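Only the coordinates and a few stated rules stand behind these numbers; no lab work does. Predicted, not measured: the structure shown is a model, and the values here were computed from it. Cβ placement follows ideal geometry from the backbone for every residue including glycine, while neighbour counts extend to all protein chains displayed.
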Amino acid sequence: MKYEVVLGNEAIALGLVEQGCRIVTAYPGTPSSEILAGVIKYKKRFARRVYTEWSVNEKVAFEIALAASWTGLRAAVAMKQVGLNVAADPLFSAAYLGVKGGLVVIPADDPGPYSSQTEQDSRLMALSAKVPVFDPATPAEARAMVAPAFALSERFGLPVILRPTTRLCHARQSLALDETQPDTAIPVVKFRKDPPRWAATPRMRYQLHVALNDKLRQVEAEFVRSPLNYVVDEGTSDRIGVIASGVAFHTARQAILELGVSVPLLKIGTPYPLPQELVGRFMAGLRTVVVLEEPDACIELQLPDRSHVRGRLDGTVPAAGEFSPEAISAVLAEVLTDAGYKVNPPPNDPDLQNLVRSLSLPVRRPSMCPGCAHRSTFFALKREFGPQTILPSDIGCYTLGINLRAVDTCVDMGASVSMATGFYQANRLVGDTRPIIATIGDSTFLHSGLEPLVNAVHTGARFVLIILDNHTTAMTGFQPTAASEILAEDSDIARKVKIADLVRACGVTFVEVADPYEHNAFRSILRRAYDHSQAPEGGVAVVIADRPCVLYDPSPLHQNLTPVVVIEECDGCGYCVEAFECPALVLRPDKSRVDVDYKICVACGQCIDACYKGFIVPQEAETEGVER
Amino acid sequence: MNQRPSSPPDPMELKIVLAGLGGQGVIFTTRLLAQTAVALGQPVMASEVHGMSQRGGSVVSHLKIGGSKAPLIRRGTADLLLALEPNEAVRNLPFLRRGGIAFVNAENSLQPEVAEHLERLEIQVLSLPASRMAMELGSIAVTNVILVGFAAAHSSLPLPIDTLRETLTTMARRRRELNLQALEAGYRAGCRMQETGSMRL
């Protein structure tokens with residue numbers, strides 16, 4: 001037995017591989033992205049046969065895993081929490097239709113949120129879809145929950161959800177790894193035709209709903225006896241008790257210790273369906289029960305009598321934001337003090353904290369990397385169309401175009417295209433003639449951009465769509481897209497799906513591929529695209545801004561390096577810093593001039609056009625000037 | 001060579017906050033300390049942030065060796081702070097407990113108004129111009145490893161330099177020699193500071 005430090009997402013992957021999961025699909029999204037990579041790592045290490053893929057979106061990923069389960073194999077699908085919205089349709093249906101081989105759905109929640117558009121709670125989605133949930137508190141527990149999750153899924157023929165949160169996904173914990181596990185053979189199974197079951201009609205669906213409700217009652221009874229739900233500390237208090245689940249559990253336990261009190265603590269590992277009998281026994285006799293869970297109220301919502309319960313629903317627990325140790329301690333201190341307990345004061349020093357706050361230390365906001373082609377695209381479109389242009393955008397690194405004032409809207413995956421259509425139709429009614437230029441990344445376009453583009457062409461909408469093709473899913477760590485020749489594994493069988501061909505097939509008649517590094521040519525194509533969108537015979541115009549992400553594939557950049565200098569004459573007007581926003585261009589605090597931070601500059605030369613006064617020049621030009 | 005402790009190891013309970021800017025190697029540093037602790041037979045729990053915040057912004061990670069399985073460290077309870085940048089050091093000082101120690105990559109001392117509070121809270125700040133040393137060694141990228149070596153010379157970080165060196169050897173696949181040199185350079189600077197008792201080098 002060997003101990004290793006394992007990332008939370010990899011611990012989940014380890015559990016999947018160890019439990020004989022044979023098909024794992026995913027669409028990348030923080031905080032879930034390392035799960036699929038982890039599966040590939042451990043299947044190789046333990047020589048297991050597992051099929052993995054990065055699917056084009058979460059709905060597709062879910063359905064592929066579901067079909068695998070219907071053949072009888074164990075399958076799993078991973079995504080971020082908002083991905084479960086995309087996969088909600090098959091999730092709800094699969095709960096009725098059921099599964100054959102175990103199916104574990106892994107939506108990673110993001111309290112905070114750190115990198116998501118909402119703080120939604122996947123457990124509430126599960127409650128609505130009627131799918132049982134496992135809610136791990138640590139990477140070790142997430143790995144250990146995979147076995148009971150598959151077992152429950154197979155015993156009841158139900159998909160189940162294993163729900164981690166950001167702090168678990170991106171925690172690293174020491175885990176024991178046993179290298180000597182024997183390989184388990186792929187089970188002898190095959191899909192058995194049964195149309196009344198797998199293609200149930202609405203009348204049959206009613207029967208399936210009745211059966212699902214019955215299964216959930218049995219699952220609840222099983223959860224009452226499950227070792228995943230237990231009283232961890234009996235405590236000496238008969239007045240206050242705490243119920244906690246997920247990452248909040250260990251934080252609560254630590255907080256109780258630090259407060260210097262002894263109260264009973266119930267750990268819930270299966271928040272839905274809530275094991276009512278167990279919870280009722282725990283609550284009996286206690287005057288007040290505090291419920292600590294993330295990111296929303298799921299356990300609390302299922303309690304039949306909340307008259308003695310304090311949590312999110314009565315306002316005791318903040319209704320938004322991550323549940324930090326400070327927040328959990330504050331909630332517990334308040335409830336305990338109300339009940340007459342004396343608790344230890346918080347260990348932090350408020351004076352030091354206030355002082356540090358008063359220093360207003362510079363906060364580095366995230367920005368696109370030096371050399372990022374998105375910056376060149378945004379700069380060109382701003383220069384060409386001016387600040388009045390309506391700029392719907394989408395989900396990805398390029399959402400940071402907001403720093404350049406080149407992003408007006410960001411709703412959800414693919415919304416740039418449908419929002420542009422909506423703005424066009426609304427503007428037509430109110431007589432607003434401002435140009436509409438939408439931006440979307442390659443991976444996002446393939447995820448959810450095609451359907452709205454078909455819709456836009458069909459309904460005669462007029463706008464320019466720029467597809468920012470950087471050849472990868474950059475924000476989440478360079479997962480391949482369908483427009484590449486790379487797969488999660490075994491890339492030799494990959495077929496490249498060309499974005500330009502897809503766009504033409506949607507009925508778009510203006511499609512141009514251009515390199516945004518070539519400023520003048522790129523701007524003239526943007527102008528022609530706009531003219532097409534306004535011409536009597538025109539319509540939606542698509543420009544594919546084709547340049548690989550500098551972090552993913554810097555080779556085109558390295559073939560044509562253009563080191564720059566800011567010449568003496570720079571007057572520190574700050575236009576380049578404001579309008580181009582490259583982290584390598586730094587305005588001096590006294591605003592006397594701009595300097596290049598050569599530690600991070602990648603010599604792309606793209607900022608030369610960002611100074612309209614001509615103070616940023618190629619290095620050779622400046623040297624020549626000195627020599628002359 | 002330090003012996004690996006015979007089981008069961010002495011229970012260690014150490015809370016470390018690591019701070020810096022995106023690209024400075026905060027996560028690598030966290031893994032280096034965590035793997036070393038595991039090699040010594042200690043359980044670890046660490047927490048880091050991915051995604052948007054990695055595009056050049058502030059990066060913080062929390063590391064617990066032994067002790068609680070909660071991923072985050074509460075303000076006012078950390079034993080040590082390792083900061084790769086002075087502003088990030090100050091920003092994260094409130095995590096330190098009374099008597100805690102900060103190892104900071106800095107050319108100058110921290111703001112005087114901060115120093116006053118630190119004295120009252122018995123918090124010690126040990127700074128080292130690790131970026132300058134890293135440049136002299138040949139790459140700014142090893143700043144983090146220099147700071148780890150520096151901290152390892154201090155008794156408050158109970159990770160033996162030999163074990164750190166072994167872990168680093170397996171972790172640093174690229175530029176292994178440079179990384180090992182950086183660890184030594186930081187360690188020697190730390191030992192010198194202990195001998196001379198001087199706060200500044």
Measuring from label point to label point, each 7 Å out along Cα→Cβ, what is the A:Tyr230 to A:Asp305 span in nm?
-> 2.8
For chain B, built as a Gaussian network whose Cα springs stay under 10 Å, the top-fluctuating residue of B:Leu80, B:Leu178, B:Leu93 = B:Leu178
What are the chymotrypsin sites (Phe, Trp or Tyr not before Pro) within segment A:500-585 that DSSP puts in a loop, where the Cβ has at most 16 other Cβ atoms within 10 Å?
-> A:Tyr552
Taking Cα atoms, the helix A:519-534 axis meets the longest principal axis of chain A at an angle in degrees (rounded to 10) of 80
If each of B:Ile140 and B:Arg98 carries a label point 7 Å out from its Cα toward its Cβ, how far apart are those two points in nm?
-> 4.0
Contact order normalised by residue count of chain A, Cα under 8 Å, 6+ apart, percent = 10
Amide H proximity to A:Met79 below 5 Å, modelled H, separation 5+ or other chain, gives A:Ile106, A:Ala108
Using modelled amide H (1.01 Å from N, peptide plane; none on Pro or chain starts), what sits under 5 Å from the amide H of A:Gln479, excluding residues fewer than 5 places away?
-> A:Thr473
Do you know the relative contact order of segment A:218-328, to the nearest whole percent, from alpha carbon pairs under 8 angstrom that are 6+ apart?
-> 30
By how many degrees, between 0 and 90 and to the nearest 10, does the Cα long axis of helix A:373-385 differ from the longest principal axis of chain A?
-> 60
Return the aspartates and glutamates within reach of A:Lys591: Cα separation strictly under 13 angstrom, same-chain partners fewer than 8 residues apart disregarded; answer none if there are no such residues.
-> A:Asp571, A:Glu578
Can you give the angle from 0 to 90° between the axis of helix A:34-45 and the longest principal axis of chain A, with both taken from C-alpha atoms, to the nearest 10?
-> 70
